[in-house]
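To start, the structure itself, in structure tokens.
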Amino acid sequence: MEQPLLSEKRSETEESERLRSYQYVGRTGSVIPTTSLAGAEVSIKEIRSATSFSGHYPPSIHAPFINSPEPLPNEEAILHQGPYTTDYGTYSNDFRRQLLDEVEIRELLIDHVGHRCCWGSRPARTWKIHAVEDCNVYVGTLETFLEERELVSETEPYHGGNIDGKDKGPELGLWDLDLRSQFPALYVPYKETRVKILRSETVEKCSGCAGRGDIACPTCNADQEPGFYKQNQMSRCPACYGRGLIAHRDGSDTICTNCDGKGKIPCATCGSRGLLQCKTCHGSGSLSTLKIAIIKWKTLSTRKVSVTSGAALVPDEIFHRAKGVQLCNTQASQCSPAFFADSFFLNQFSFDVIQDRPFIPPTAWVICERHMISVVPVTRVTMSRHRQFFSFYIVGLSREVYLKDYYPARFCWGLCPCLEWLKT
């Protein structure tokens, strides 16, 4: 485990030991000591207390996490150092190659074929293994864990009572809220909470009804000026057309039952009151406005994959979920590119991952970042029979088999997806 860079003087022996370990920093599984990683160690308790500060996070939060984080569940730490060779040159970061014999290769393919409907195992058992090629893949990730706060206003009808206003004290600022009790685990994908801003409640006159609680009926007072209305306005009866009588074919008349012979009926909307209750304030005439803080914790991820031509046909998603070996795992308030003393390619790859850092909204603060580079073992196997060939890939330490399209013993004529759908 690397130690934080200290400001006090060291003896010549200690200094030479430090430089000697730095020269081989790319060969270890510890944190990469770059200039941006200087500072005191930050505990989880300090991170959880970050939200109790206004404005920028306290300086201790911006300091890096010097201790090397634990490998992710789908990663394996480097256990032994030794050089290996790929298309990019010789690297000293330890990586134990997948040494697969013919029996293991055939067993993996037979197991994969056995889970496919209408696929025969004969090619996997009998075809000749024509070539076995190592085409390892490098996966780089940058996870940015941030907290975003925004302010919204919510209104509701005010029916009287005490309010939590500025008369009880100054209003708390958005970044003055103490959210330590709700702070989530680091790098949680997403969490949202809503908090009421203390002493931010105000009561105002309803703009929809000008504080009256009622509005003019739009049916019988449509031609009136705003704020004025007339009561007891009647409309012509649609049944008798205002006569009050219903004419029959025999020449007789009867009293209209719809208007009781009056020829007019009250307004169907307001009952000829001329007013309707305001739907905004529910007739109270006042609205209570309250400020609500919406706090979001989320992790933004940037991922890159560097593949050789031999593994170019495999989708990136396969490599992202595959189990590999971590070459670098650093965590800081803002990660910088990793440094490998013996690999320009890995240095450039790390730089490219960091350069693609996601956009940070202006309403958010970055709490910490985590940068990882892993190597995923990939073996491309080509099998042949006479002049027929097909290839498949063995990916990751868990040895997942990926077969893109062609397999010579498929008897479903393209119906397998339909059969799989019927099973569900």
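The figures follow:
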{"item": "Sequence-distant residues sharing a close amide H with Phe183 (under 5 Å, placed H)", "result": "none"}
{"item": "For segment 171-239, diffusion coefficient by Stokes-Einstein and Kirkwood Rh (Cα), 4 °C, 1.567 mPa s, µm²/s", "result": "72"}
{"item": "Residue-level accessible surface for Ser391, protein heavy atoms, 1.4 Å, Å²", "result": "40"}
{"item": "Heavy-atom SASA rank of Leu146, Leu186 (probe 1.4 Å, accessible area, largest first)", "result": "Leu186, Leu146"}
{"item": "Tail weight of P(r) past 18 Å, computed on alpha-carbon pairs of segment 313-416, percent", "result": "65"}
{"item": "Area of Asp176 that stays accessible when all protein chains are in place (1.4 Å probe, Å², to 10)", "result": "70"}
{"item": "Amide H within-cut-off set for Lys323, under 5 Å, with H built and near neighbours excluded", "result": "Leu397, Ser398"}
{"item": "Dipole axis of segment 129-191 (+1 Lys, Arg; -1 Asp, Glu on Cβ), positive-most option in Gln182, Val139, Leu151", "result": "Gln182"}
{"item": "Per-residue SASA entry for Ile360, accessible area with 1.4 Å probe, Å² rounded to 10", "result": "40"}
{"item": "3J(HN,Hα) from dihedral phi, segment 320-332, Karplus parametrisation 6.51/-1.76/1.60, rounded to Hz, x for glycine, proline", "result": "5, 8, 6, 8, x, 10, 6, 9, 8, 8, 10, 9, 7"}
{"item": "Largest to smallest accessible area among His386, His115, His371 [probe 1.4 Å]", "result": "His386, His115, His371"}
{"item": "Of Lys168/Lys279; Lys191/Lys291; Lys128/Lys323; Lys166/Lys298, pairs whose Cα-Cα distance is over 22 Å", "result": "Lys168/Lys279; Lys128/Lys323; Lys166/Lys298"}
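The values are calculated or read from the model by the stated rules, or taken from the named source; none is laboratory data. The structure displayed is predicted, hence computed values, not measured ones. For neighbour counting, all protein chains shown are included, and Cβ atoms are generated from backbone atoms with ideal geometry for every residue, glycine included. Each accessible area value is taken on the protein alone, full model and side chains, heavy atoms only, with ligands, DNA and RNA left out. Shrake-Rupley method; radii C 1.70, N 1.55, O 1.52, S 1.80 Å.
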